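Engineer: Sharing a structure with you now.
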Amino acid sequence: MSEARKFADSDTHMRLASIVYEASIRLGAIAPERAAEKSAPDRWSRKEELGHLIDSATVNHQRIVRTILEDQPALTSYDGDRWVALHEYQSSQWTELIKLWLAINEHILCVVDTITTDLWERTCTVGDSAPMTLSALVGSYIDHMLDHLGHIGIETSDLGKGDFEKREWIYPDKPADTDYLINDLIYRRWSPRVFEERSVSPHLVRTLLEAARWAPSCFNEQPWRYLIFDGSDPEARERARACLVEGNAWARKAPVLMLSVAKEMFTHNGKPNRTAQHDVGLASENLVLEAVEYGMVVHQMAGFDLEKARHEFSIPEDHTPVAMIAIGYPYRGSTDDLPEDERKKELAPRSRKPAAEIAFAGRWDEPY
Ligand SMILES: Cc1cc2nc3c(=O)[nH]c(=O)nc-3n(C[C@H](O)[C@H](O)[C@H](O)COP(=O)(O)O)c2cc1C
């Protein structure tokens, strides 16, 4: 952001960002079956209500852009019921609707981020309304959003009150310093050592496992198994925490731990599966990236007592515990509580070997 640009109403950007990112997490905690329920045939389900918010976002994106670019544009209103019926939101996937709603609002946030002091005072009309300022237009967009989020059953009283912005969402923000443009989830993922004191909903835990389930594997063996310690059995979670080595003591504060385990023999012929642990890694990366999609953070660890875990959780001999996985929400406070060594690692820039060291052109050691 250039020094010359001053924002009279940058609070609006912060507030909208805070609402949509937090609300999308709360929406994700609603089970798809509940989202599809209708209290009466002529009432919107939660899916349709969110569909209406998607329509509102697309319409208001246009309104905001036109008010910035045109002189007092006369903007049209729209028929919410007919738009919802036309899009058949009831037959859409709940998580796809959440992602779409978030994406369009991110698009709106990009525009709102460019609004300078004088632009907030520009006016437009909507339908037969009296002229209203851009500030009022965006304000009423947010109020309407909160109203419908409330209908969906989202607690809205604390939404938009935090000093919350996506750029600070993953704290400290450590995106990959890439040579080429890559997928956003891979770009943003990293392994932090501090977690917000906040539980992860069972629905989200199951969503992460669903992502893991759809990983590819040799002979479709699906050799991955996961032991889940989500706090529903506090004693089991304590026993999992006690398996961590001292250097990973920070992970004891994660609300969810999982232990990935590899089934070492093929089911179809009883022979060793050479890629079992590789395939477990594929499933776990699916899980990790799905978590990033939902604003969570994950840190995988080899540093745990494997035999203790085997004994504590009755893991059979032909299965190998692979990694302990700490899952939670990114912490937005200080890292002062970490031991000095861990704190340094937490704040250090992320690094990778150069591509020439890991990719060879046709023969060994010939950099690609
Ligand atoms: C299988 C596996 C085991 C790991 N074990 C540990 C561990 O015991 N303790 C730890 O602090 N980090 C552990 N890590 C995290 C790595 O140190 C981390 O992924 C790596 O430094 C790259 O950093 P980034 O994930 O932030 O990009 C592990 C990662 C993987 C995939």
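No value in this document is a laboratory result; all are computed from the given coordinates. Owing to the predicted nature of the structure, the values given are computational and were not obtained by experimental measurement. Positions of Cβ are generated from backbone atoms using ideal geometry, with glycine treated the same way; all protein chains shown enter the neighbour counts.
Engineer: Can you check what the net charge comes to around L149, using other residues whose Cβ is under 13 Å from the Cβ of L149 (Lys, Arg +1; Asp, Glu -1)?
Structural biologist: -4
Engineer: Among residues other than L204 whose Cβ falls under 11 Å from its Cβ, what is the net charge (Lys/Arg +1, Asp/Glu -1)?
Structural biologist: On the way: positive: R26, R206; negative: E210, D230, E290, E293.
Taking every other residue near L204 into account, the sum is -2.
Engineer: Name the residue, out of G303, G160, G28, whose mean-square fluctuation peaks in a Gaussian network model built on the chain with Cα pairs under 10 Å.
Structural biologist: Between G303, G160, G28, it is G303 that shows the largest mean-square fluctuation.
Engineer: Rounded to the nearest 10 degrees, what's the angle between the helix 94-112 long axis and the longest principal axis of the chain, both from Cα atoms, 0 to 90?
Structural biologist: It is inclined by approximately 60 degrees.
Engineer: Compute the relative contact order of the stretch 184-338 as a whole-number percentage, counting only Cα pairs closer than 8 Å that sit 6 or more residues apart in sequence.
Structural biologist: Details: 276 pairs, mean separation 54.7, N = 155.
Relative contact order here is 35 percent.
Engineer: Over the stretch 206-279, what number does the Rg to Rh ratio reach, with both radii from the alpha-carbon atoms and Rh per Kirkwood?
Structural biologist: Looking at the stretch 206-279, the ratio lands at 1.06.
Engineer: Now a separate question. Let me check against my output: what whole-number percent is the relative contact order of the chain, with C-alpha pairs under 8 Å and at least 6 apart?
Structural biologist: The normalised contact order for the chain reaches 17 percent.
Engineer: Rounded to whole Å, give me the distance from the Cα center of the stretch 202-264 to that of the stretch 54-82.
Structural biologist: If we compute the Cα centre of each part, the gap is 46 Å.
Engineer: Continuing with this model, one more query. Under 11 Å from the Cβ of V280, count the other residues' Cβ atoms, weight Lys and Arg +1, Asp and Glu -1, and hand me the total.
Structural biologist: It works out to a net charge of -2.
Engineer: In the stretch 273-368, which trypsin sites (Lys or Arg not before Pro) are in a loop and have at most 16 other Cβ atoms within 10 Å, using DSSP for the loop call?
Structural biologist: Filter output for the stretch 273-368: R274, R332, R350, R352, R363.
Engineer: What fraction of the Cα pairs in the chain, stated in percent, has a spacing above 34 angstrom?
Structural biologist: 40
Engineer: Kindly provide the helix-only [θ] at 222 nm of the chain, computed as the sum of -39,500 (n - 2.57) over DSSP H runs of four or more divided by all residues, to the nearest 500 deg cm²/dmol?
Structural biologist: Computed mean residue ellipticity for the chain: -13500 deg cm²/dmol.
Engineer: Let me ask something additional. Helix 134-152 versus the longest principal axis of the chain: what is the Cα-based angle in degrees, 0 to 90, to the nearest 10?
Structural biologist: 50
Engineer: Assign unit charges at the C-beta atoms only (+1 for Lys and Arg, -1 for Asp and Glu), then state the dipole size of the chain relative to its Cα centre in Debye, rounded to the nearest 20. It would help to have the intermediate numbers written out before the result.
Structural biologist: Values: 43 positive and 60 negative charges, 147 e Å.
Around 700 debye, computed over the chain.
Engineer: Next question, about the same structure. How large is Rg/Rh for the stretch 10-168, to two decimals, with Cα atoms and a Kirkwood Rh? Present the calculation step by step, with values, prior to reporting the outcome.
Structural biologist: Numbers: Rg = 15.8 Å, Rh = 16.2 Å.
Here Rg/Rh amounts to 0.97.
Engineer: Moving on. When we measure straight from the Cα of K38, which lysines land under 25 angstrom away, once same-chain ones fewer than 8 places off are left out?
Structural biologist: K47, K99
Engineer: Kirkwood hydrodynamic radius, the stretch 212-359, all distinct C-alpha pairs: what's the number in Å?
Structural biologist: For the stretch 212-359, the Kirkwood estimate is 16.8 Å.
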